[in-house]
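The block underneath contains the structure these notes are about, expressed in structure tokens.
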Amino acid sequence: MILPITLTMAGAAALINIWLAIRTGRVRMSEKISIGDGGNARLTARMRAHANFTEYTPFVLILIGLIELADGTSMWLWAVGAFYMLARIAHGFGMDGVRGLREFGIGATLLILLGLGLYAVAIPHLAQRGAAGQTELVSTTAGNFTMPSLRVSVE
């Protein structure tokens, strides 16, 4: 089984992670700081942008993957994943002082994490509510792709 949204977002996250690491490394090289931040504010900001990305992204990717597995591939999940990646890029530039992007990036990240978390918590409860013979596992096919999902009838 392939999870196209999760796979795409994990790949995008890897590329953004490399981009953030390279940006940090460039400041390290230009300022000749190999360990720590050397008291350099620009390096500290770049390090925090990279660390912040690695703090939030695993949770978002896990939630996207589990939601995609439980609920199927959907356009809204594609949009959420893409919006998250754009927010993280904005945050990286915002940590360099580009006005408003840091706030936008972390605000969007927290809203996305909250939304995905709430939806993930709701999925099994919605399935349970229709559990009196009302929940079934179905397969959705699109092209060469088959995705299992839950069909819940709520009366």
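The values are calculated or read from the model by the stated rules, or taken from the named source; none is laboratory data. Note that this is a predicted model, so its numbers are computed, not measured. Reconstructed Cβ throughout: ideal geometry from the backbone, glycine too, with neighbour counts over all protein chains shown. For the accessible areas, the whole protein counts, side chains as well, though only heavy atoms, and no ligand, DNA or RNA atoms are used. Shrake-Rupley method; radii C 1.70, N 1.55, O 1.52, S 1.80 Å.
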Rounded to the nearest 20 Debye, what is the dipole magnitude of region 1-120 about its Cα centre when Lys and Arg each give +1 and Asp and Glu each give -1 at the C-beta? 560
Could you tell me what percent of the accessible area of region 1-87 is made up of carbon and sulfur, with a 1.4 Å probe and every protein chain present? 72
Accessible area per residue of region 1-142 at 1.4 Å probe, in Å²? 57
Stick to Cα atoms and the Kirkwood definition of Rh, then tell me Rg/Rh for region 7-113. 1.04
Enumerate the calculated ³J(HN,Hα) couplings along region 21-36 in order (Karplus 6.51 cos²θ - 1.76 cosθ + 1.60, θ = phi - 60°), each rounded to whole Hz, writing x wherever the residue is Gly or Pro. 5, 5, 4, 5, x, 4, 5, 4, 5, 5, 9, 6, 10, 8, 10, x
Suppose each label sits 7 Å from its Cα in the direction of the beta carbon; what would the L86-K32 distance come out to in nanometres? 4.3
With the crude spin-label approximation of a point 7 Å out along Cα→Cβ, what separation in nm comes out for W78 versus A51? 3.7
